[in-house]
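K.L.:
My questions will all concern the structure given below.
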Amino acid sequence: MDLIQLLENNNAILILVIIIIVVIILVRISKSKHSKHSKDASKSNFGGQAYQKNILESLPYDDRLDYTNLYNKLNRIHNDYSDIRKKALLDYQITEAIDSIQAKAFDSRIHIENYWKNCKQKEKFYQCIGLHYASFTLANKIKREQENIRKEFVRLKKECDRMSMEINKLNKQIDNAKGTYRYTLMQQHKELCNQHQRASKIKGIFGSRNTQFLNMVKEQNNKTREYREYIINNFGIKGKQWGEKLKNRKLDLVQE
């Protein structure tokens, strides 16, 4: 009887130990997830809605509306392109949308620069930070559009390559064909050549726009860097503290 009780006690202790181990593992997993979430939240803080809200709340009340309108304007930059892609309209209409986006981005850049000159002269710390964020946001928007443009360019290039192969194949078939069949092949060849010519032209436009947008990202990054360095070097301790936080986040400039 004592042996049975001993075994039962040992089993109970073993079960208790297993439960404790499982609880410890679950707690560690939970802490790990929480830690990762905290790190992700910290990384996404700059450039996100929380950071934007913090900037707006730091601004004098009279400036908040102007900056809210500026941020909303930046958020609307890509709408033309997105709407046209959703409707699957013709490629030349997409190029017109890209031109519109380019014009809006340029207008936003001028708007930011004009604000910057005014705030810089009056040494307005939080307003300058708001414009630094606007410049970063603009560069980010341009970069996203550049990536969309590049995808279209790659797609069109593949399509042109495919049609070139089909045209070469038809050329060989036409050489060996006669009569009505030869005429049918020649009509197919003509239509395919027209499609290839049109696609090549649009591909060239997208290639050119891709280069232009890459240059725009580079230029806007330079502006963002200029704003950052001015804030760090001209607003004392608070400017340096802000710059240190920015450095820790490593999200100041958009990757080109």
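Laboratory data are not the source of any read-out in this text; all were calculated from the coordinates shown. Owing to the predicted nature of the structure, the values given are computational and were not obtained by experimental measurement. In this analysis, Cβ positions are derived from the backbone assuming ideal geometry, glycine residues included, and neighbour counts consider all displayed protein chains.
K.L.:
Test of understanding: express the Cα radius of gyration of region 120-194 as a ratio to 2.2 N^0.38 Å, with N the residue count.
P.N.:
Relative to the rule-of-thumb radius for its length, region 120-194 sits at 2.32.
K.L.:
Turning to a different aspect of this structure: Sorting check: for 107-113, 53-59, 181-187, which peptide has the highest mean count of neighbouring beta carbons within 10 Å, and how do the rest follow?
P.N.:
With the highest mean Cβ count within 10 Å placed first, the list reads 107-113, 53-59, 181-187.
K.L.:
In nm, give the distance between the simple-model label positions of Lys218 and Val154, each being 7 Å from the Cα along the Cα-to-Cβ direction.
P.N.:
Between Lys218 and Val154, the label points sit 2.1 nm apart.
K.L.:
Between Asn248 and Asn54, what length in nm is gained on full extension when 0.36 nm per residue of separation is reduced by their alpha carbon distance?
P.N.:
The Asn248-Asn54 span can extend by a further 68.1 nm.
K.L.:
All other residues with a Cβ under 13 Å from the Cβ of Lys238 taken together, and with Lys, Arg as +1 and Asp, Glu as -1, what is their net charge?
P.N.:
+1
K.L.:
While we're on this one: Given a cut-off of 21 Å, name the pairs among Lys117/Lys143; Lys104/Lys157; Lys122/Lys238; Lys53/Lys104; Lys143/Lys218; Lys120/Lys223 whose C-alpha atoms lie farther apart than that in the structure shown.
P.N.:
Lys117/Lys143; Lys104/Lys157; Lys53/Lys104
K.L.:
Order the peptides 132-139, 217-224, 195-202 from the highest to the lowest mean number of other Cβ atoms within 10 Å of their residues.
P.N.:
For the peptides 132-139, 217-224, 195-202, the packing ranking is 132-139, 217-224, 195-202.
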